[in-house]
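The values are calculated or read from the model by the stated rules, or taken from the named source; none is laboratory data. Computed from a predicted structure; not experimentally measured. So basically every Cβ, Gly included, is an ideal-geometry build from the backbone, and we count neighbours across all protein chains shown.
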Amino acid sequence: MQDKYNHLEVEKAAQAHWTARDAYRVVEDARRRKFYACSMLPYPSGKLHMGHVRNYTINDMLTRYLRMNGYNVLMPMGWDAFGLPAENAALKNGVPPAKWTYENIAYMKGQMQAMGLAIDWSREVATCDPDYYKWNQWLFLKMLEKGIAYRKTQVVNWDPVDQTVLANEQVIDGKGWRTGAPVEKREIPGYYLKITDYAGELLDHVQNKLPGWPERVKLMQENWIGKSEGVRFAFTHEIRGADGRLIGDGRMWVFTTRADTIMGVTFCAVAPEHPLATHAARDNPKLAAFIEECKKGGTTEAELALREKEGLPTGLAVVHPITGEPVDVWVGNYVLMGYGDGAVMGVPGHDERDFAFALKYGLPIVQVVHVDGEHYDYQHWNEWYGDKERGVTINSGNFSGFGYREAVDAVAHTLQQLGLGEKKITWRLRDWGVSRQRYWGTPIPIIHCAEHGAVPVPEKDLPVVLPQDCVPDGTGNPLNKREDFLACACPVCGKPARRETDTMDTFVDSAWYFMRYCDPKNGQAMVGEGTQYWMPMDQYIGGIEHAILHLLYARFWTKVMRDLGLVKIDEPFTKLLTQGMVLNEAFHRIGEKTGKRYYWTHELDIQRDEHAKVISATAKDDGLPVTYEGWTTMSKSKNNGVDPQELIEKYGADTARLYTMFTAPPEATLEWNDAALEGSYRFLRRVWQFGHRLEGSAAVAGHVSRLGATAQFGKAAKALRHEVHTVLKQVDYDYVRMQYNTVVSGAMKILNALEDFKAAGEQGADAVVAEGFGILLRVLYPVTPHLTHALWHDLGYVALHGELLDAPWPRVDEQALQQDEIQLVLQVNGKTRGSVTVPAGAGKDEIEKLAVASEDFAKFSGGASPKKVIVVPGRLVNVVV
């Protein structure tokens with residue numbers, strides 16, 4: 001072997017060896033314990049980033065460790081290839097999204113292979129491949145048959161210039177992100193999936209069937225599903241539409257979790273799209289203009305929470321169901337038509353939002369809940385106003401003097417007797433709208449016939465293939481201009497018809513890809529025997545940013561597949577790890593004409609204190625100061641990213657892998673440190689150099705083979721073996737709990753012990769060193785597979801244990817953990833003054849004698865005689881003088 005560590009040659013040779021052996025191809029084997037470990041598939045954006053490197057290295061370490069422990073381990077990879085970024089790139093570069101996507105896939109796959117990941121590439125999937133999305137379409141049709149999928153109108157953000165629908169995040173200050181045109185709200189038909197039918201089971205399984213998930217992710221899922229127990233009731237009215245009929249049959253329905261405050265209602269608010277709002281706006285231009293203004297901007301709860309609460313009176317009134325008094329109806333920009341019944345009761349006395357709204361518009365505020373010891377201030381909100389645990393109803397007629405639950409029960413009973421309401425459970429979760437008015441996605445398999453309406457595509461005609469040569473130009477969905485795609489025959493009557501041009505939400509693609517990995521080449525079924533063998537997934541790894549929607553949709557999709565008889569599992573992911581983000585420092589300057597400009601660190605002179613914290617920074621080009629923004633997520637836009645490819649070329653994939661695992665636990669954020677990266681590289685050079693020295697001593701296989709129950713060791717060799725096996729025991733534990741940063745520190749301890757060992761001629765020394773280095777290589781192998789593979793082969797360990805990737809995991813020798821002698825801390829009058837070596841089985845009397853006779857005691861006792869000796873077995877001895 002070479003005396004110097006050449007990472008480029010080492011990694012190239014190792015990867016060629018694994019490729020020639022097809023080392024990572026995995027097949028189902030009922031005789032072996034299976035383990036399915038999967039990282040969330042990436043979007044093929046062009047290049048890997050350090051977050052990818054970290055995520056995939058975590059997965060790779062787990063895969064290699066378990067394989068050495070006898071498991072049949074699957075680690076697949078694919079591409080979440082549909083979506084808006086490809087269309088944006090097509091607009092910018094004038095190329096079809098397909099071309100851009102496949103070129104990026106090829107480049108990123110090469111980067112992954114350069115990292116040495118143990119991926120079974122025979123199972124690779126790309127969600128833009130017709131062989132994959134055929135099954136999106138097939139399952140959609142099955143859901144349509146079962147009533148899980150259905151069609152209804154939906155309110156969307158419409159860019160009138162681009163002639164396309166915008167996602168909420170693409171609406172900025174009420175305008176299209178690309179054109180700057182005022183965004184319109186339009187009602188258009190689309191398809192929805194009844195995820196709400198599964199709300200109860202989704203919530204129950206979060207609480208009872210996901211013990212391997214982080215608590216914060218489970219809480220996020222629970223909050224998103226959002227179970228609420230309350231009362232749904234109606235305000236009656238006599239408001240009639242243009243047709244003379246009562247609007248909503250004379251009832252305006254609301255839902256509340258605070259029915260105890262019903263006697264404090266002073267107004268009601270409806271969504272801008274509510275039928276009462278539409279009716280009132282017919283003869284009220286000011287209200288009509290306000291409603292149109294409300295339709296601008298996003299429609300999510302999060303956006304509405306940040307928006308200033310505004311409203312206008314409709315001039316209409318409804319009747320309070322208990323008092324019979326009229327209640328004014330307002331249109332509120334904070335009320336969503338898609339949530340509940342599109343109307344809310346306004347109780348400003350005990351709801352913070354309603355309180356602010358009432359103060360703004362001079363509406364009455366009535367206190368109907370009191371908490372002992374508190375004073376109500378009608379000008380300022382206090383948190384206790386909404387306290388349902390301590391509150392008692394007042395000013396509420398027959399409902400006064402009740403606690404929260406008693407009042408809710410009484411109000412619900414009265415409303416039920418009146419036929420105007422009842423207790424009800426509602427969910428924050430809404431049905432999943434899967435229609436997207438975009439090109440680069442799975443075509444929705446529907447044909448529109450003038451006579452028969454929306455007709456499902458026959459199963460035999462799947463997949464409906466998306467043309468891959470379209471180039472979006474910003475004038476709407478290009479599928480609307482493709483006659484070769486649009487023109488078809490109605491499956492019912494055979495007459496000319498048109499294909500649906502909406503495509504599916506890309507969350508559909510990622511809702512089940514992990515199952516397709518199990519049967520990637522099955523052209524006859526969505527899933528098969530592979531899925532029955534591998535699922536549920538044993539370990540899922542991905543970012544916390546996917547903790548809600550992706551995981552929720554994947555759980556829902558799994559339950560639908562179960563109910564359709566495709567799988568037998570309730571939940572797809574047994575354990576979940578959300579890895580921390582990779583952070584780096586960012587520096588910027590805001591110019592009057594240039595706006596915010598970010599600087600690379602090599603463009604700056606940075607002053608730091610003794611703790612490496614930034615004191616100041618100036619630009620090298622002009623010497624002027626720049627602003628230190630602190631630690632933030634790596635980003636191209638902030639000029640603080642690190643290119644994994646450059647890192648691999650300069651230091652090697654093993655260094656990149658080692659650094660990302662050693663610097664922080666997998667769940668924690670990782671703050672980038674160039675000095676620590678250099679340190680990781682130096683450590684690997686030390687490993688290589690030690691191996692080179694060991695190669696020159698003798699054949700290690702022969703040395704290790706002489707280890708056994710009857711082997712004899714000198715004192716130093718026995719101590720080394722004890723140290724190595726003690727660390728191995730901790731490392732094994734750390735591998736099981738996936739604390740990979742301490743795994744790496746354990747490997748460093750083993751190398752330190754081997755380097756410090758100087759008793760080369762002692763009995764058993766060569767065997768112990770050879771064994772210790774073999775253990776080190778196996779401990780390091782999952783994180784630095786290239787270097788360890790080379791050393792394993794060059795030093796002859798392969799003759800003893802076979803290929804490293806299938807070598808048996810080293811077992812702790814309990815005999816090695818037993819010691820003839822142990823060291824105890826020596827204290828004199830309670831102060832640590834050194835140590836004393838005693839026989840491992842020494843009793844109290846013998847320990848006392850050895851302590852008093854030690855050099856350290858003589859040095860610190862001042863010649864005084866001991867008055868008392870205290871022995872803490874296995875830890876210390878304290879001599880009192």
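Assorted remarks:
- Some residue of the range 543-561 being buried (at least 20 other Cβ atoms within 10 Å of the Cβ), of a type in the set (V, I, T) and more than 25 Å from V53 (Cα to Cα): yes
- Restricting the range 163-199 to residues that are farther than 28 Å from L139 by Cα and within 23 Å of the chain's Cα centre (by Cα), the residue that is surrounded by the most Cβ atoms within 10 Å (Cβ to Cβ): Q170
Yes/no matrix, rows are residues, columns are (1) outside any strand (DSSP E or B); (2) modelled with pLDDT under 95; (3) surrounded by 14 or more Cβ atoms within 10 Å (Cβ to Cβ):
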{"residue": "E201", "(1), (2), (3)": "yes, no, yes"}
{"residue": "V206", "(1), (2), (3)": "yes, no, yes"}
{"residue": "R232", "(1), (2), (3)": "no, no, yes"}
{"residue": "D249", "(1), (2), (3)": "yes, no, no"}
{"residue": "M252", "(1), (2), (3)": "no, no, yes"}
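- Positions within the range 594-614 being in contact (Cβ under 8 Å) with a residue 12 or more places away in the chain and of a type in the set (S, T, Y), in sequence order: Y598, Y599, T601
- Filter pass, V768 being under 33 Å from the mean Cα position of the chain (by Cα), in the same structural domain as K718 (by TED's automatic domain parsing) and crowded, with 21+ Cβ neighbours inside 10 Å: no
- Close contacts from the range 20-32, counting a first residue that is assigned by TED's automatic domain parsing to the domain that holds G116 and free of Cβ contacts under 8 Å to residues at least 40 places away in the same chain and a second that is polar (S, T, N, Q) and surrounded by 10 or more Cβ atoms within 10 Å (Cβ to Cβ), with Cβ to Cβ under 8 Å and a gap of 6+ residues or different chains, come to none at all.
- Any hit, the range 594-610, residues being part of a loop (DSSP other than H, G, I, E, B) and assigned by TED's automatic domain parsing to the domain that holds R54: no
- Yes/no for D734 being charged (D, E, K, R), assigned to a helix (DSSP H, G or I), farther than 22 Å from D60 by Cα and in contact with a helix residue (DSSP H, G or I) (Cβ under 9 Å, 6 or more places away or on another chain): no
- Any hit, the range 232-253, residues being in contact with a strand residue (DSSP E or B) (Cβ under 7 Å, 6 or more places away or on another chain) and of a type in the set (S, T, N, Q): yes
- The range 137-198 holds strands (runs of 3 or more DSSP E) entirely within its bounds, and those carrying 3 or more residues that are at pLDDT 80 or above and closer than 18 Å to R430 by Cα map to 149-159, 184-193.
Yes/no per residue for (1) modelled with pLDDT under 95; (2) over 30 Å from the mean Cα position of the chain (by Cα):
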| position | (1), (2) |
| --- | --- |
| M634 | yes, no |
| N639 | yes, no |
| A653 | no, no |
| N673 | yes, no |
| R693 | yes, yes |
| A711 | yes, yes |
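- Check on A511, touching a residue at least 12 places away in the same chain (Cβ under 8 Å), surrounded by 18 or more Cβ atoms within 10 Å (Cβ to Cβ) and in contact with a His (Cβ under 7 Å, 6 or more places away or on another chain): no
- Residues that are surrounded by fewer than 21 Cβ atoms within 10 Å (Cβ to Cβ), modelled with pLDDT under 95 and either in a loop (DSSP other than H, G, I, E, B) or among the hydrophobic types (A, V, I, L, M, F, W, C) (or both) within the range 47-88 comprise K47, H49, L84, listed in sequence order.
- Residue ID - farthest from the chain's Cα centre (by Cα), chosen from residues in the range 780-820 that are surrounded by fewer than 17 Cβ atoms within 10 Å (Cβ to Cβ) and hydrophobic (A, V, I, L, M, F, W, C): A799
- Of the residues V434, V457, V465, the single one that is loosely packed, with under 15 Cβ neighbours inside 10 Å, touching a strand residue (DSSP E or B) at 6+ places or on another chain (Cβ under 8 Å), touching a residue at least 12 places away in the same chain (Cβ under 8 Å) and not basic (K, R) is V465.
- Number of residues in the range 1-46 that are under 29 Å from Y553 (Cα atoms) and either out of contact with any Ser or Thr (no Cβ under 6 Å at 6 or more places or on another chain) or in a helix (DSSP H, G or I) (or both): the value is 15.
- Only one entry in T256, T261, T266 is among the polar types (S, T, N, Q), surrounded by 17 or more Cβ atoms within 10 Å (Cβ to Cβ) and over 43 Å from the mean Cα position of the chain (by Cα), namely T266.
- Odd one out for Y599 among (1) within 32 Å of the chain's Cα centre (by Cα); (2) over 22 Å from D60 (Cβ atoms); (3) loosely packed, with under 15 Cβ neighbours inside 10 Å: (3)
- Restricting attention to the range 89-105, the residues that are modelled with pLDDT of 95 or more and either surrounded by fewer than 24 Cβ atoms within 10 Å (Cβ to Cβ) or under 25 Å from the mean Cα position of the chain (by Cα) (or both) total 9.
- Just one of the numbered conditions (1) surrounded by fewer than 18 Cβ atoms within 10 Å (Cβ to Cβ); (2) modelled with pLDDT of 95 or more; (3) not small (G, A, S) is not true of Y740: (1).
- Strands (runs of 3 or more DSSP E) lying entirely in the range 373-462 (those with 2 or more residues that are at pLDDT 95 or above, touching a Cys at 6+ places or on another chain (Cβ under 7 Å) and of a type outside the set (S, T, N, Q)): 446-449
- Residues satisfying the criterion are absent from the range 489-502 (criterion: within 30 Å of R216 (Cα to Cα), in contact (Cβ under 8 Å) with a residue 24 or more places away in the chain and surrounded by fewer than 21 Cβ atoms within 10 Å (Cβ to Cβ)).
- Sole exception among (1) modelled with pLDDT under 95; (2) not assigned by TED's automatic domain parsing to the domain that holds N398 for K295, by number: (2)
- Hits in the range 619-628 - residues which are in a strand (DSSP E or B) and either surrounded by 15 or more Cβ atoms within 10 Å (Cβ to Cβ) or of a type in the set (A, V, I, L, M, F, W, C) (or both): A619, Y628
- Scan of the range 835-855 for residues that are crowded, with 16+ Cβ neighbours inside 10 Å and over 12 Å from I822 (Cβ atoms), ordered by number: E848, A851, V852, S854
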